[in-house]
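Written below as structure tokens is the structure these notes are about.
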Amino acid sequence: MRVAKLLQTLLLTALLLASSSVLTKADDGYRLWLRYDALPAGNAALYRPRVASLDIGGDSATAAAIRDELKTGLGGLLGAEIPLSGKLNDGAVLAGTPQNSPAIAALKLPLADLGDDGFVIRSVRIKGKNVTAIAARSELGALYGAFHFLRLVQTLQPIANLNVTEKPKIALRMLNHWDNPDGSIERGYAGKSLWNWAELPEKIDPRLRDYARADASVGINGAVLNNVNASAQILTAEYLKKVAAIAAVFRPYGIRVFLSARFSAPIELGGLKTADPFDAGVKKWWRDKADEIYGLIPDFGGFLVKANSEGQPGPRTYDRTHADGANLLAAAVAPHGGIVIWRAFVYDMKPGYDRAGAAYENLRPFDGKFAPNALLQVKNGPVDFQPREPFHPLFGAMPKTQVMPEFQITQEYLGFSNHLVFLAEMWREVLSSDTYAKGRGSTVARVADGSLFRQKLTAVAGVANTGSDRNWTGHDFLQANWYAFGRLAWNHELSPAAIAGEWIKMTLTREPAAVARIARLMLGSREALVDYMTPLGLHHQMWGGHHYGPAPWWNSYSRDDWNPTYFNKAAADGIGFDRTKTGSDTVSQYFPPVRDEFSNLKTVPDKYLLWFHHVPWTYRMRSGRTLWDELALRYQRGVDWARNARREWDAVKGAIDDERFRAVARKLAIQERDAVWWKDASLSYFQTFSKLPLPAGVEKPARTLEEYKKIDLLDDFARGIGSFDENHK
Ligand code: BDP
């Protein structure tokens, strides 16, 4: 009897240990959302597919990638070896195209309208057998379908009666890597570059393939490998071989490689005296360079160019226009089917001007002047990747130009890889903004997907947040932004909540209560960050240079449009940048009724108030509070969120492996510290003008304004509190 009891206790303990070790198993985050750990036991009929065998058509590298992913993925999720078999088993999964799979061809599925990247997934009965078919016109489409199928299984979706049809709304979904030849990454906060130039092309880091898998799993199909502040070195014969080696790894996963081109490369590499786009020698140099590149990389995507911006060379140096510059490169790649992406991030400082109006002034005159294989890449807002900006007025304003949005996934102005902020919320806000260019419903998304102006080439870019950190993005949660960018680029109608739900279940936990709690955290994070950094339309209030931490007092740059004081205009009479008729009037760059809504104090949304208006500290807000009180309370609200986020996170302990749980907890502690610092430093400075007391409920700053001015928050970061190694101990 006693022995039996003892055995029972031992058994129970063993079981408990086993289950808790599953939960607390270390996970360094490397596998991203493609973890494929065994699905939980439970309501098996609903979410645990029976997969008897895999039948993947084709023998190309892409077909091999599909086979590999499904075999590893389903094998892991279902905890069983899944045989490859051409036999029509009950429970077989077929994947392929009508060309590479007779079984798929026989199904005669409606594939005609799917384009190159689309796919269908169908539960079908063939000769009395239940089969899942993943079918597409191209092998790449079938790969996207395979990843989609895996996602359904990973997120516990019922898969017995599938009838999925998917195709992307935007053709080119690309990451811009701001990586330098020396391995550093401009505005990168997750380690070094993933491209190991010194070892390439001989040695290929296996990580490159995992990068490509991750991209393809969310439909990303283009990668600019180098910084827009480009070194000409990337275009040398030596480097092009390295680029070709990377392209070869990416190819099976449908990712085309692009390069940032330095406009003056004909001088630096070609020894020419000029880079004038009208010069015959310059034209020839670019044509030859393009031929050389396509000789090595037949599917090379093309060039991205930052010209006459922040010191970069460009056509204006030779009295030529931006269109002349873009068309020079467009002509060089056109014979090979390549494209040129010209950036609209141009803002030449003129006395008394408004930086927010500069890109529009510089680029709009060239509407209709760009070559058919050129796109204009426009940042989401008119200043520079701030926590919140109204949409860029160039969206909708260039109907004869192929315009594409550029988002920043890396968090240059948003707390680096230290702050948890789910950016799908921001991107949705921009994409669903109505430009009214052709009346109601002319959203930024419809500019981007080409439906508004019947644009032929469509694209969207995100400045990557990836790096060599073991977990890719520094902060485990910021993988979600890479994921979300891809998902929204594929389908801009997806809701942030749906994307967050998918990502959490694939990456962190499937425990329903924890999923719900974490989703709430993610979905509130962007508004909270705006609150504690730049509420009510404030912008560009960050410490100079590195842009980490608050410095609303900063006025020491000779370029005024880099100074936070230029943007906040805080003074005794109030705060905010007047962009209405009484000020810079750049609000008139928007179409009516948007411009009227933003210009009028009665209708401007609170979130853009200080973006468009300079208002007195005692201005009466919609809430009935004074501007000063409202501002202070917003900062406090952001701080409260950051505090609460830590408690929320503590509450999911046990639902997530220990390693990532602790790493995130450390980051959240930094975020809280920074949020408090932002509130205290900002309010201390603004109070010198408002001369008003803090309202009830707003905590008093812990230090003096002089201390906030002296201490660079980044110093702590540099000492290691924000680093991956430090946080994954
Ligand atoms: C700014 C960054 C700078 C970039 C620039 C750009 O501070 O590092 O080079 O944007 O997008 O946000 O070109």
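The values are calculated or read from the model by the stated rules, or taken from the named source; none is laboratory data. Computed from a predicted model, the values in this text were never measured in an experiment. With ideal geometry, Cβ positions are generated from the backbone for all residues, glycine too; neighbour counts draw on all protein chains shown.
Of a type outside the set (Ser, Thr, Tyr), buried (at least 22 other Cβ atoms within 10 Å of the Cβ) and in contact with a helix residue (DSSP H, G or I) (Cβ under 8 Å, 6 or more places away or on another chain): which single residue out of Phe263, Phe258 fits that description?
Details: Phe258 fails: in contact with a helix residue (DSSP H, G or I) (Cβ under 8 Å, 6 or more places away or on another chain).
Phe263 is the lone residue from the list that is of a type outside the set (Ser, Thr, Tyr), buried (at least 22 other Cβ atoms within 10 Å of the Cβ) and in contact with a helix residue (DSSP H, G or I) (Cβ under 8 Å, 6 or more places away or on another chain).
I'm trying to understand the selection: among the residues of the range 557-584, which are of a type in the set (Ser, Thr, Tyr) and in contact with a strand residue (DSSP E or B) (Cβ under 9 Å, 6 or more places away or on another chain)? Let's see the steps before the verdict.
First pass over the range 557-584, keeping only residues of a type in the set (Ser, Thr, Tyr): 557-558, 565-566, 580, 582, 584.
Listed by number, the list is empty, since nothing qualifies.
Can you run down the residue pairs with Cβ atoms below 6 Å, 6 or more apart or on separate chains, where the first is in the range 307-318 and outside the structural domain of Arg559 (by TED's automatic domain parsing) and the partner is near the ligand (Cβ under 10 Å from one of its atoms) and not β-branched (Val, Ile, Thr)?
Qualifying pairs under 6 Å: Ser309/Phe345; Gln312/Lys306.
Being within 16 Å of Leu521 (Cα to Cα), touching a residue at least 24 places away in the same chain (Cβ under 8 Å) and part of a helix (DSSP H, G or I) is the filter here; which residues of the range 646-659 pass it? Let's see the steps before the verdict.
Residues of the range 646-659 within 16 Å of Leu521 (Cα to Cα): 646-653, 655-656.
Still in the list and also touching a residue at least 24 places away in the same chain (Cβ under 8 Å): 646, 648-649, 651-652, 655-656.
Arg646, Glu648, Trp649, Ala651, listed by residue number.
Hey, can you tell me all the residues within the range 347-356 that are within 16 Å of the ligand (Cβ to nearest atom), modelled with pLDDT of 95 or more and in contact with a Lys or Arg (Cβ under 9 Å, 6 or more places away or on another chain)? Break it down into steps so the answer makes sense when it comes.
So the first thing to find is which residues in the range 347-356 are within 16 Å of the ligand (Cβ to nearest atom), and the list is 347-349, 355-356.
Next, only the ones that are modelled with pLDDT of 95 or more stay: 355-356.
Within the range 347-356, just Ala356 meets the criteria.
Suppose we filter the range 518-549 for residues that are under 14 Å from Leu420 (Cβ atoms) and free of Cβ contacts under 8 Å to residues at least 40 places away in the same chain; how many remain?
Number satisfying all stated conditions: 1.
Starting from the range 558-575, keep only residues that are in a loop (DSSP other than H, G, I, E, B), then list their pairs with residues that are loosely packed, with under 15 Cβ neighbours inside 10 Å and among the hydrophobic types (A, V, I, L, M, F, W, C) whose Cβ atoms are within a distance under 9 Å, requiring at least 6 positions of separation or different chains.
Arg559/Met349
Pick from the range 534-578 the residues that are charged (D, E, K, R) and within 15 Å of the ligand (Cβ to nearest atom): which of them is modelled with the lowest pLDDT? First the steps, then the outcome.
Start the filter on the range 534-578 by keeping residues that are charged (D, E, K, R), which leaves 559-561, 569, 573, 578.
So of that shortlist, the ones also within 15 Å of the ligand (Cβ to nearest atom) come out as 559, 561.
Numbers: Arg559: 88, Asp561: 92.
That would be Arg559.
Between a first residue in the range 188-209 that is in the same structural domain as Thr236 (by TED's automatic domain parsing) and assigned to a loop (DSSP other than H, G, I, E, B) and a second residue that is of a type in the set (Ser, Thr, Tyr) and surrounded by fewer than 15 Cβ atoms within 10 Å (Cβ to Cβ), which pairs have beta carbons less than 9 Å apart while being 6 or more apart in sequence or on different chains?
If the second residue must be of a type in the set (Ser, Thr, Tyr) and surrounded by fewer than 15 Cβ atoms within 10 Å (Cβ to Cβ), the pairs left are Lys192/Ser184; Ser193/Ser184.
Yes or no: Leu683 closer than 20 Å to Gln386 by Cα and assigned to a helix (DSSP H, G or I)?
Values: closer than 20 Å to Gln386 by Cα: yes; assigned to a helix (DSSP H, G or I): yes.
Answer is yes for this residue.
Of the residues Lys667, Lys653, which single one is closer than 25 Å to Asp725 by Cβ and touching a Leu at 6+ places or on another chain (Cβ under 7 Å)? Lay out the reasoning, then the answer.
Working: Lys653 fails: touching a Leu at 6+ places or on another chain (Cβ under 7 Å).
Selected residue: Lys667, the only one of Lys667, Lys653 that is closer than 25 Å to Asp725 by Cβ and touching a Leu at 6+ places or on another chain (Cβ under 7 Å).
For a quick check of your reading of the model, give me the residue pairs whose first member lies in the range 238-254 and is buried (at least 22 other Cβ atoms within 10 Å of the Cβ), whose second is part of a helix (DSSP H, G or I), with beta-carbon atoms closer than 6 Å and at least 6 apart or on different chains.
Close Cβ pairs satisfying both conditions: Phe250/Ala212; Pro252/Ala61; Pro252/Thr62; Pro252/Ala65; Tyr253/Ala212; Tyr253/Ala216; Gly254/Leu140; Gly254/Ala216.
Scan the range 401-439 for residues that are among the acidic types (Asp, Glu), surrounded by fewer than 23 Cβ atoms within 10 Å (Cβ to Cβ) and within 16 Å of the ligand (Cβ to nearest atom) and jot them down.
Across the range 401-439, the qualifying residue is only Glu412.
Residues Trp503, Trp553: which one is aromatic (Phe, Trp, Tyr) and surrounded by 24 or more Cβ atoms within 10 Å (Cβ to Cβ)?
Details: Trp553 fails: surrounded by 24 or more Cβ atoms within 10 Å (Cβ to Cβ).
None of the others qualify; the one that does is Trp503.
Across the range 440-449, which residue is surrounded by the most Cβ atoms within 10 Å (Cβ to Cβ) among those that are of a type in the set (A, V, I, L, M) and farther than 17 Å from Ser495 by Cβ?
Start the filter on the range 440-449 by keeping residues that are of a type in the set (A, V, I, L, M), which leaves 444-445, 447-448.
Those still in the list that are farther than 17 Å from Ser495 by Cβ too: 447-448.
On the way: Val447: 30, Ala448: 24.
Out of the qualifying residues, it is Val447.
Looking at the range 284-334, which of the residues that are crowded, with 19+ Cβ neighbours inside 10 Å and of a type in the set (Phe, Trp, Tyr) is nearest to the ligand (Cβ to nearest atom)?
So the residue we want is Phe303.
Residues of the range 358-400 being under 18 Å from Glu597 (Cβ atoms), more than 13 Å from the ligand (Cβ to nearest atom) and touching a Phe, Trp or Tyr at 6+ places or on another chain (Cβ under 7 Å), which ones?
Listed by number, the residues that qualify are Pro390, Pro393, Gly396, Ala397.
Identify, please: which residue in the range 171-184 is buried (at least 22 other Cβ atoms within 10 Å of the Cβ) and of a type outside the set (D, E, K, R) and is, among those, farthest from Asn227 (Cα to Cα)?
In the first step, residues of the range 171-184 are kept if they are buried (at least 22 other Cβ atoms within 10 Å of the Cβ); the result is 172-179.
Narrowing the set further to residues that are of a type outside the set (D, E, K, R) leaves 172, 174-178.
Details: Leu172: 19, Met174: 14, Leu175: 11, Asn176: 8, His177: 6, Trp178: 4 Å.
Ranking the candidates gives Leu172 first.
Residue-wise test of (1) farther than 28 Å from Leu39 by Cα; (2) out of contact with any Asp or Glu (no Cβ under 6 Å at 6 or more places or on another chain); (3) touching a residue at least 60 places away in the same chain (Cβ under 8 Å).
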position: Ala105; (1), (2), (3): yes, yes, no
position: Asn161; (1), (2), (3): no, yes, no
position: Ala171; (1), (2), (3): yes, yes, yes
position: His177; (1), (2), (3): yes, yes, yes
position: Asn180; (1), (2), (3): yes, yes, no
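Is it the case, given these coordinates, that Glu166 is surrounded by fewer than 22 Cβ atoms within 10 Å (Cβ to Cβ) and free of Cβ contacts under 8 Å to residues at least 12 places away in the same chain? Can you show your working first?
Numbers: surrounded by fewer than 22 Cβ atoms within 10 Å (Cβ to Cβ): yes; free of Cβ contacts under 8 Å to residues at least 12 places away in the same chain: no.
Answer is no for this residue.
Each row is one residue, and each column tells you yes or no for (1) assigned by TED's automatic domain parsing to the domain that holds Asp348; (2) over 28 Å from Ile185 (Cβ atoms); (3) touching a Ser or Thr at 6+ places or on another chain (Cβ under 6 Å).
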residue: Trp554; (1), (2), (3): no, no, no
residue: Ala572; (1), (2), (3): no, yes, no
residue: Glu597; (1), (2), (3): no, yes, yes
residue: Leu609; (1), (2), (3): no, yes, no
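Return the residues of the range 229-246 that are over 16 Å from Trp195 (Cα atoms) and within 16 Å of the ligand (Cβ to nearest atom); say none if nothing qualifies.
Result: Asn229, single match.
What's the number of the only condition in (1) more than 16 Å from the ligand (Cβ to nearest atom); (2) without any contact (Cβ under 8 Å) to a residue 60 or more places away in the chain that Asn221 fails to meet?
The number of the failed condition is (2).
Out of all the residues in the range 705-729, which are hydroxyl-bearing (Ser, Thr, Tyr) and either within 16 Å of Gly549 (Cα to Cα) or part of a helix (DSSP H, G or I) (or both)?
Going through the range 705-729, the residues hydroxyl-bearing (Ser, Thr, Tyr) turn out to be 708, 723.
Within the range 705-729, Tyr708 is the sole residue that qualifies.
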